[in-house]
Amino acid sequence: MDSVFRPRRLRRSETLRRMVQETRLRREDLIYPMFVTPGKGVRQEVPSMPGVFRLSVEKLAEEAKAAADLGVPAVLLFGLPQKKDETGSEAAHPKGMVQQAVRQLKKQVPGLVVITDVCLCGYTSHGHCGLLRPSGEVDNDATLEILAQVAVSHAQAGADIVAPSDMMDGRVGAIREALDETGLEMTAILSYAVKYASSFYGPFRDAAESAPQFGDRRAYQMDPANAREAIREAALDVEEGADILMVKPAMPYLDILARMRPEFDLPLAAYQVSGEYAMIKAAAGKGWLDETAVMLESLLSIKRAGADLILTYFAKQAADLLGK
Ligand code: PBG
């Protein structure tokens with residue numbers, strides 16, 4: 001052993017290791033996705049996502065307040081409608097679940113940043129993310145108008161950031177224009193810029209009851225085989241006015257995050273999706289993995305790959321640990 005450089009010199013104590021740490025996970029990095037459902041007093045656990053609940057508005061406010069008290073700066077809201085139809089008409093209703101929840105959160109948890117998911121899949125009877133042509137194909141341009149209405153209704157309710165997750169071409173531009181025309185030029189857009197057609201969304205589709213009733217989403221979400229295309233997708237969203245870019249899922253796509261980081265100056269977000277959460281929970285539940293350690297390592301890895309912000313169902317749990 002005659003090497004001059006010994007990496008272990010700086011690993012000898014906890015303090016030394018902390019000093020030379022290149023990546024730091026902070027509570028401010030976390031965004032907590034939540035599901036708001038009709039009714040009163042509802043707190044219904046999602047079977048495939050232990051610890052995640054469908055909540056009615058007042059229960060959601062309690063949970064969001066608890067998260068904020070632990071230092072989580074933002075939530076992302078998904079709504080379940082009273083009734084689904086062909087065009088997802090409830091999505092843009094001023095008294096829809098998301099719109100009601102935003103108003104309530106702005107009143108009860110004023111410091112919390114409220115982000116809303118803008119999509120139609122939870123609201124359409126067919127479960128696709130847009131309007132259908134008679135052929136069954138999703139009609140891109142007709143969908144843009146509805147998405148813009150949904151985003152405006154969320155912003156009017158008080159959302160700080162709207163997050164389109166539909167993957168229609170041109171939606172960021174359409175939403176930006178509609179917001180600006182309505183005097184909502186200060187509402188930001190977090191674009192699900194690089195969203196893959198992933199099987200890791202399975203548990204979410206149970207939670208949001210949003211599985212497509214026929215076919216799949218491969219005609220609008222990205223092919224998991226493609227990396228260069230991610231740069232093109234994200235560049236388009238930047239041109240159209242996105243304020244934050246997201247990659248989704250996170251762990252299986254860390255290479256995409258790492259490629260995007262030097263290409264874009266905007267904040268980058270990554271979504272640790274339902275399937276990633278469920279895998280950790282299931283293995284931990286069997287005693288095969290240490291839940292806390294694996295959770296923190298997964299979040300740190302996502303940050304190290306290039307994410308500034310992480311959407312995770314572990315947000316509350318992680319913030320609690322990071323605050324100690
Ligand atoms: C809606 C949407 C999905 C997710 C977020 N927004 C599911 C999908 O595209 O089917 C997935 C989130 C998760 O799995 O945690 N378009």
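The values are calculated or read from the model by the stated rules, or taken from the named source; none is laboratory data. Fair warning: this is a prediction, and the values are worked out from it, not measured in the lab. Every residue, glycine among them, receives a Cβ derived from its backbone with ideal geometry; neighbour counts consider all protein chains shown. Protein only, heavy atoms only, side chains kept; ligands, DNA and RNA dropped before computing areas. Shrake-Rupley method; radii C 1.70, N 1.55, O 1.52, S 1.80 Å.
Using a probe of 1.4 Å, the accessible surface attributed to R27 totals some 80 Å² when neighbouring protein chains are kept in position.
Taking the alpha carbon gyration tensor of the range 241-299, multiplying each eigenvalue by 5 and rooting it gives semi-axes of 28, 10, 9 Å, largest first. For the residue pairs K83/K281; K65/K324; K281/K316; K59/K107, the C-alpha atoms sit more than 20 angstrom apart in K83/K281.
Take every DSSP beta bridge with both residues inside the chain and express the antiparallel ones as a percent of the total, to the nearest 5. Please list the in-between numbers first.
On the way: 5 of 38 bridges.
Around 15 percent antiparallel, to the nearest 5.
The angle separating the long axis of helix 228-240 from the principal Cα axis of greatest extent in the chain is about 60 degrees. No solvent, one uniform scatterer per C-alpha: report log10 I(q)/I(0) for the range 23-322 via the Debye equation at q = 0.15 1/Å, two decimals. Once normalised to I(0) and log-transformed, intensities are -1.21. Magnitude of the charge dipole for the range 23-322, about its Cα centre and with charges confined to Cβ atoms of Lys, Arg (+1) and Asp, Glu (-1), is about 960 debye. Average accessible surface for the chain: 46 Å² per residue, computed with a 1.4 Å probe over protein heavy atoms with every protein chain in place.
With a 1.4 Å probe and all protein chains left in place, how much of the accessible area of the range 1-140 comes from carbon and sulfur atoms, in whole percent?
Here carbon and sulfur together make up 51 percent of the probe-accessible area.
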